[in-house]
1. Could you check the stretch 51-79 and list, in sequence order, the residues that are open to solvent by 20 Å² or more (accessible area, probe 1.4 Å) and either in contact with a strand residue (DSSP E or B) (Cβ under 8 Å, 6 or more places away or on another chain) or at pLDDT 85 or above (or both)?
2. Criterion first (under 18 Å from the mean Cα position of the chain (by Cα), under 25 Å from Thr391 (Cβ atoms) and either modelled with pLDDT of 85 or more or open to solvent by 20 Å² or more (accessible area, probe 1.4 Å) (or both)) does Leu258 satisfy it?
3. Residue pairs, Cβ under 8 Å, 6 or more apart or interchain, first in the stretch 116-143 and open to solvent by 20 Å² or more (accessible area, probe 1.4 Å), second modelled with pLDDT of 90 or more and aromatic (Phe, Trp, Tyr). List them.
4. Output yes when any residue across the stretch 156-170 is β-branched (Val, Ile, Thr) and open to solvent by 20 Å² or more (accessible area, probe 1.4 Å), and no when none is.
5. Can you tell me which residues in the stretch 80-112 are among the polar types (S, T, N, Q) and open to solvent by 10 Å² or more (accessible area, probe 1.4 Å)?
6. Within the stretch 266-305, can you find the residues that are within 20 Å of the chain's Cα centre (by Cα) and of a type in the set (Lys, Arg)?
7. Is it the case, given these coordinates, that Ala167 is assigned to a helix (DSSP H, G or I), closer than 30 Å to Phe55 by Cβ and in contact (Cβ under 8 Å) with a residue 40 or more places away in the chain?
8. Which of the residues belonging to the stretch 128-174 are basic (Lys, Arg) and in contact with a Ser or Thr (Cβ under 6 Å, 6 or more places away or on another chain)?
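The values are calculated or read from the model by the stated rules, or taken from the named source; none is laboratory data. Worth saying up front: this structure is predicted, and the values here are computed from it rather than measured. Glycine gets a Cβ as well: all are built from the backbone with ideal geometry, and neighbour counts include every protein chain shown. Only protein heavy atoms, including side chains, enter the accessible area calculation; ligands, DNA and RNA are left aside. Shrake-Rupley method; radii C 1.70, N 1.55, O 1.52, S 1.80 Å.
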Amino acid sequence: MTTTRDPAGEPAALAEPSGRVGRGWIWALCLANGAIWVGWYGPLQILLASQAKDFAPGSGMSKETMLAWVTGAGALVSLLANPLFGALSDRTTSRWGRRTPWIVAGTAGGALSLLLLAGAGGMATMTLGWCLVQLTLNASFAAVTAAVPDRVPRLQRGSVGGWLGAAQILGVVGGTGLATAAGGVGAGYAACAVFTAVGVLPYVLRHADLRLRPADRPTWSWRGFLAGFWLSPRRHPDLGWAWLTRFLINLSNALVLLYLLYYLRDRLRYHDPEQGVLALTAVNGLTLMATVVVGGVWSDRVGRRKPFVVWSGMLMAAATALLAVWETWPGAIVAAALLGVGFGVFTSVDFALMTDVLPKALDRGKDLGVINVANALPQVAAPVLAAPIVTYLGGYRMLYLVSAAIGLAGAALVGRIRGVD
């Protein structure tokens, strides 16, 4: 059953959680989270690039430029949608809780949007479909993410963040695998849509959400609602530095992934670049899975976050630089493995660090949405940076050197966070 008050009389939906969550809740939330990532990364890794290759001839632009425009537009929608839907879920007082209605509506809309994208006939409909996917799935993702600080106590968040990170990479691998194995662009989108819709069902059907009473919801005003999206770095410096760290490391990772298919095809001359992307994603996923949960649990046990983020960021920067200096298929495999090790630790521990610096329980969904802008904004910035670098400023070697430098800067800035050990 859902509850509205804790034993001390504070609204349960707004209280700091104290009891540890069980394995069933964690697994169901992880499955929902992974399903959302299938809906994102099947298109991002394979399907959008394949459509751009088909639509580019005669359009007046290269496949790289077309892909950059489409993914950039979608990322811009994601940039706005995640904090918006997080804020709306904070204020939701439905009988099913604050988060569940948005999980259901977002994944249903995402599945339908993927099917629309499957029928795209050119760049315009491709862009529209991808923007709708980003809009709807971000509604679901914002609610899933906010469920963690709603229900998980601080000293369990590293391990839960680790399992969520594992679910994300399985979503990336699963989405890539579905898109590749389906046997065509349309079939790939359909497979991702079905998995995304079905994957959230165990969580929404088996685990009741915490309800917020209308009396506990703050008075509505447009001015207050819009002003709440600005989290002043001056008032919340730790949150500001943590946000910048996440942005830079995610930007570095986005620069690596954006043109990976084209890097294998055009630079390494790999014989089957689509299968190559799947193989590298699988290698990356295996090493990430080996560290993502271990890193989170270890961080919980020692009660520290920053050293894990620093060293994982440095390892990722070194692996990215390896793509620039060792331009061979074995070099790509080694780089993918090292990136997985680093990103595994970063994913779990940085998530716990972010929840530790949230300002107010009432705004968890909105604040995490603002933080998740650090995940979406790199998808906007990466095409803007990558396209001219690859085309005019040195090609893929320069792209990956720039990416490594950005990731290294992100790791260095973790030291500016003062309120977390």
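1. In the first step, residues of the stretch 51-79 are kept if they are open to solvent by 20 Å² or more (accessible area, probe 1.4 Å); the result is 53-55, 57-65, 69, 73, 76-77, 79.
Passing the criteria: Lys53, Asp54, Phe55, Pro57, Trp69, Ala73, Val77.
2. Details: under 18 Å from the mean Cα position of the chain (by Cα): yes; under 25 Å from Thr391 (Cβ atoms): yes; either modelled with pLDDT of 85 or more or open to solvent by 20 Å² or more (accessible area, probe 1.4 Å) (or both): yes.
Answer is yes for this residue.
3. These pairs meet every condition: Ala118/Tyr189.
4. To start, the set of residues in the stretch 156-170 that are β-branched (Val, Ile, Thr) comprises 160, 169.
From what is left, the residues that are open to solvent by 20 Å² or more (accessible area, probe 1.4 Å) are none.
Scanning the stretch 156-170 turns up no residue that is β-branched (Val, Ile, Thr) and open to solvent by 20 Å² or more (accessible area, probe 1.4 Å).
5. Just the residues of the stretch 80-112 that are among the polar types (S, T, N, Q), to begin with: 82, 89, 92-94, 100, 107.
Listed by number, the residues that qualify are Thr92, Thr93, Ser94, Thr100.
6. Of everything in the stretch 266-305, just one residue is within 20 Å of the chain's Cα centre (by Cα) and of a type in the set (Lys, Arg), namely Arg305.
7. On the way: assigned to a helix (DSSP H, G or I): yes; closer than 30 Å to Phe55 by Cβ: no; in contact (Cβ under 8 Å) with a residue 40 or more places away in the chain: yes.
It is false that Ala167 is assigned to a helix (DSSP H, G or I), closer than 30 Å to Phe55 by Cβ and in contact (Cβ under 8 Å) with a residue 40 or more places away in the chain.
8. Residues of the stretch 128-174 basic (Lys, Arg): 151, 154, 157.
Arg157, the sole residue that qualifies.
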